[in-house]
Amino acid sequence: MQILLPQGEATGLLWERRQLAGGWVYLVSINLWVCDEDGVMTTASTRMWVDAPHHARPRIDVDPAAYAGVPTYPLPAPDSVERQLGPGRPPGWVAQTLRWRGPDRAVIHASDCEEAPPGRPAMTLQQALDRAERPGTRLCALCGAAHELGPLLRGFSRGFD
């Protein structure tokens, strides 16, 4: 695997591939030369997630079949409930409008959250993400909406650029 760094290219090992909404990320390792306090040069290996193809690409001199054994996790089909909600969760997200004064104006809950207001229409994943991007909207930590939707809102690219 060719790893594209600001200082140039390095050869690394591909450990895992994951598809995200914005593209693919690869878990790669590269060996670095490090100098200890005595001036002795040694190698150290580091692992990091990089986005592909901007920061990682297959080597042209390696048979593509060599990458076949790498664990690869594509997104589930676009219309699957698992992609939108995760396994075992009933479909949809619910918005709770808050009436008191303060920085929070709404909370997004999973449809089965005990804090979700009853009778509210369920939103799709995209509707929930759009609503969550509005100022004053937070994600419920009780039902896991914060854990499930938070990375999709913030993106997985932190530290990749």
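The values are calculated or read from the model by the stated rules, or taken from the named source; none is laboratory data. As the structure is a prediction and not an experimental result, all values here were calculated from the model. With ideal geometry, Cβ positions are generated from the backbone for all residues, glycine too; neighbour counts draw on all protein chains shown. Areas reflect the complete protein model, heavy atoms only, side chains present, ligands, DNA and RNA absent. Shrake-Rupley method; radii C 1.70, N 1.55, O 1.52, S 1.80 Å.
Ordered from highest to lowest accessible area with the whole protein assembly present and a 1.4 Å probe, SER29, SER111, SER45 read as SER45, SER111, SER29. Treating each Cα of segment 22-79 as one equal point scatterer and applying the Debye formula with no solvent, the log10 of I(q)/I(0) at q = 0.19, 0.22, 0.25, 0.27 Å⁻¹ comes out as -0.88, -1.03, -1.14, -1.21. Largest accessible area first, the residues HIS147, HIS54, HIS109 order themselves as HIS147, HIS54, HIS109 under a 1.4 Å probe with ligands, DNA and RNA left out.
Can you check what the net charge comes to around VAL70, using other residues whose Cβ is under 12 Å from the Cβ of VAL70 (Lys, Arg +1; Asp, Glu -1)? So the surrounding residues net to +1. Work out the FRET efficiency for ALA141 and ASP36 from their Cβ-Cβ distance, taking R0 = 41 Å, and round it to the nearest 0.05. So the FRET efficiency works out to roughly 0.40.
The 3J(HN,Hα) values that the Karplus relation (6.51, -1.76, 1.60; θ = phi - 60°) gives for segment 126-134 are, in residue order, 5, 5, 5, 5, 4, 5, 5, 7, 5 Hz. Gly and Pro appear as x.
For segment 1-73, what is the accessible area per residue in Å² when the probe is 1.4 Å? Show your work: numbers first, answer last.
Values: 4890 Å² over 73 residues.
Per-residue value: 67 Å².
Per-residue SASA remark: VAL70, around 20 Å² accessible (1.4 Å probe; ligands, DNA and RNA not included). Here the 3J(HN,Hα) profile of segment 25-31, calculated from phi with Karplus coefficients 6.51, -1.76 and 1.60 at θ = phi - 60°, is 10, 10, 8, 10, 10, 9, 9 Hz, Gly and Pro shown as x.
Here the simple spin-label model places points 7 Å from the Cα toward Cβ, and for GLU133 and ALA106 these points are separated by 1.3 nm. With a cut-off of 12 Å between beta carbons, the residues surrounding ARG134 carry a summed charge of 0, where Lys and Arg count +1 and Asp and Glu -1.
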